[in-house]
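Participant: If you scroll down you'll find the structure; I have some questions about it.
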Amino acid sequence: MSSALRVAVVGATGAVGSTMLRMLREREFPASEIVPFASERSAGKEVDSGLRVRALGPDADLEGFDLALFSAGSGTSRAWAPRFVEHGAVVVDNSSCWRMETDVPLVVAEVNPEAIEQHRGIIANPNCSAMQALVVLKPIHDAAGLERIVFSSYQSTSGTGARAVEELKEQAHAMLHDIEPPAPSIYPHRIAFNVLPQVETFKDGDDYTTEERKVIGESRKILGLPDLRITATCARVPVLNCHSEALNVETRRDLTPDECRELLADAPGVKVVDEPAHGRYPLASEVAGRDEVFVGRIRRDESNPRTLNLWVVGDNLRKGAATNAIQIAELLVERSLVSVS
Ligand SMILES: NC(=O)c1ccc[n+]([C@@H]2O[C@H](COP(=O)([O-])OP(=O)(O)OC[C@H]3O[C@@H](n4cnc5c(N)ncnc54)[C@H](OP(=O)(O)O)[C@@H]3O)[C@@H](O)[C@H]2O)c1
């Protein structure tokens, strides 16, 4: 019997989907066939040098898939992930649709890989901003115990998807040529040469955005710390790729900056770049395309005991989405939690 899996990639034309297709190839994932799906608009389009996109519509053939990697938004996941599961596939979903469901594992490969054992068909991939923070926070928690987190993010436009990247480029191009930029259609305000203190929406009159709520709720679920004191402010910045985050981390036991550097240097999926006097610290421009989460500017918060400040940068399309989804798929294979049909 072949041990290679038949894999569906849903949302294959998008920012995350196209990265997942590339990574399946780069990491030589054991796939017998990869079938890209997107909306009816993209039917027949060629992706990842030679694969033809199928429309996810009433005529879509869902038979015979072992694994389905979803990155097509919550609505598509809600409608289609259960159907793939009914047809025998395990779904790894990038949207926020299933993340907070109690019977759906929400997994960061370096943080709580054991959670995938509990899967009942769907495994959720966390929010990109929470994901990169948690790769760094978990080893700190294991060493010194997390008391409180103040999370501030500077998030790139590719985090909103392919059309948002185009919006930034078009506005920036117009402004650099002294032309009136096109009106925003993806963001509520112009993103070029601006900083928006709003990532996603203010739902039902909440003072926090849905993105900030995701960071808070998902961090608690993944760390298994339902009472963790954590607050978040998420801003959108005119950067194409990579989210940057300032984390203020209070611990139960005192951790010196040197101890913190040492333990993070040994942590899986983390790279420490911390020589500020030489201008060496994590930069979005240098982290783009990397699978690791980068951390630097590790220093004491002199205004509060047992508290450190850190600067954390991750590629939102890679570790924030595609890399972790593929790592989950690899874990499913390693642990025989997905069966070949
Ligand atoms: N971007 C990130 O950094 C990031 C990180 C973590 C999680 N996510 C999540 O991943 C998902 C995708 O994000 P993205 O940034 O890749 O968005 P995107 O670039 O806008 O891509 C969206 C994809 O979904 C497809 N799609 C839309 N409606 C569909 C439908 N009705 N049926 C089938 N396919 C449909 C699109 O196909 P067409 O081209 O045919 O429209 C496209 O392939 C979202 O849930 C997002 O929250 C994104």
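Participant: Looking at (1) open to solvent by 40 Å² or more (accessible area, probe 1.4 Å); (2) away from the ligand (no atom under 16 Å from the Cβ), which one does I116 not meet, given that it meets all the others?
Facilitator: Looking at each condition in turn, I116 falls short on (1).
Participant: Which pairs do you get when a residue that is closer than 9 Å to P139 by Cα, found in segment 257-269, comes within reach of a residue that is open to solvent by 70 Å² or more (accessible area, probe 1.4 Å), reach meaning Cβ atoms under 9 angstrom, with the pair 6+ apart or on two chains?
Facilitator: L263/D142; L264/K271
Participant: Moving to a separate point now. Just for strands (runs of 3 or more DSSP E) wholly inside segment 248-317: which have at least 1 residues that are within 16 Å of the ligand (Cβ to nearest atom), open to solvent by less than 30 Å² (accessible area, probe 1.4 Å) and of a type outside the set (F, W, Y)? Full working, then the answer.
Facilitator: Details: elements: 270-272, 293-300, 307-314.
Once the strands (runs of 3 or more DSSP E) in segment 248-317 are filtered for at least 1 residues that are within 16 Å of the ligand (Cβ to nearest atom), open to solvent by less than 30 Å² (accessible area, probe 1.4 Å) and of a type outside the set (F, W, Y), what remains is 293-300, 307-314.
Participant: Sticking with this structure for a sec: Any residue that is part of a strand (DSSP E or B), modelled with pLDDT of 95 or more and either among the small types (G, A, S) or open to solvent by 20 Å² or more (accessible area, probe 1.4 Å) (or both) - is there at least one of those in segment 128-148?
Facilitator: First, pick out the residues of segment 128-148 that are part of a strand (DSSP E or B): 146-148.
Still in the running and modelled with pLDDT of 95 or more: 146-148.
After this cut, where a residue has to be either among the small types (G, A, S) or open to solvent by 20 Å² or more (accessible area, probe 1.4 Å) (or both) as well, the list is 147-148.
Checked segment 128-148: at least one residue is part of a strand (DSSP E or B), modelled with pLDDT of 95 or more and either among the small types (G, A, S) or open to solvent by 20 Å² or more (accessible area, probe 1.4 Å) (or both).
Participant: Right, next: What is the residue count in segment 84-111 for residues that are outside any strand (DSSP E or B) and either touching a residue at least 40 places away in the same chain (Cβ under 8 Å) or within 12 Å of the ligand (Cβ to nearest atom) (or both)? Give the derivation first.
Facilitator: Pass one, segment 84-111, residues outside any strand (DSSP E or B): 84-89, 94-105, 107-111.
Those still in the list that are either touching a residue at least 40 places away in the same chain (Cβ under 8 Å) or within 12 Å of the ligand (Cβ to nearest atom) (or both) too: 84, 88-89, 94-100, 107-111.
Here the count works out to 15.
Participant: Okay, moving on. Would you check if R190 is away from the ligand (no atom under 16 Å from the Cβ) and under 25 Å from S341 (Cα atoms)? Even if it seems obvious, please write down each step before you answer.
Facilitator: On the way: away from the ligand (no atom under 16 Å from the Cβ): yes; under 25 Å from S341 (Cα atoms): no.
Criteria not met by R190.
Participant: So which residues in segment 25-41 are surrounded by fewer than 22 Cβ atoms within 10 Å (Cβ to Cβ) and either within 16 Å of the ligand (Cβ to nearest atom) or of a type outside the set (G, A, S) (or both), if there are any at all? Before the answer, list the steps.
Facilitator: Going residue by residue through segment 25-41, those that are surrounded by fewer than 22 Cβ atoms within 10 Å (Cβ to Cβ) are 25-35, 39-41.
Within segment 25-41, R25, E26, R27, E28, F29, P30, E33, I34, V35, S39, E40, R41 meet the criteria.
Participant: So is E211 surrounded by 17 or more Cβ atoms within 10 Å (Cβ to Cβ) and either modelled with pLDDT under 95 or in contact with a helix residue (DSSP H, G or I) (Cβ under 9 Å, 6 or more places away or on another chain) (or both) or not?
Facilitator: Details: surrounded by 17 or more Cβ atoms within 10 Å (Cβ to Cβ): yes; either modelled with pLDDT under 95 or in contact with a helix residue (DSSP H, G or I) (Cβ under 9 Å, 6 or more places away or on another chain) (or both): yes.
The answer is yes for E211.
Participant: Would you please name the residue that is surrounded by the most Cβ atoms within 10 Å (Cβ to Cβ), looking only at residues in segment 1-24 that are in a strand (DSSP E or B) and hydrophobic (A, V, I, L, M, F, W, C)? Can you show your working first?
Facilitator: Looking only at segment 1-24, we keep the residues that are in a strand (DSSP E or B), and these are 5-10.
Cutting the leftovers down to hydrophobic (A, V, I, L, M, F, W, C) gives us 5, 7-10.
Numbers: L5: 23, V7: 24, A8: 26, V9: 30, V10: 28.
Filtering first and then ranking leaves V9.
Participant: Filter segment 42-76 down to the residues that are open to solvent by less than 30 Å² (accessible area, probe 1.4 Å), outside any loop (DSSP other than H, G, I, E, B), farther than 17 Å from S32 by Cβ and in contact (Cβ under 8 Å) with a residue 40 or more places away in the chain and list them by number.
Facilitator: Within segment 42-76, F70 is the sole residue that qualifies.
The values are calculated or read from the model by the stated rules, or taken from the named source; none is laboratory data. What you see is a predicted model, and the numbers here were worked out from it, not measured in a lab. Ideal geometry is used to build each Cβ from the backbone, glycine not excepted, and the neighbour counts take in all protein chains shown. Just the protein is used for accessible areas: all its heavy atoms, side chains included, with ligands, DNA and RNA removed. Shrake-Rupley method; radii C 1.70, N 1.55, O 1.52, S 1.80 Å.
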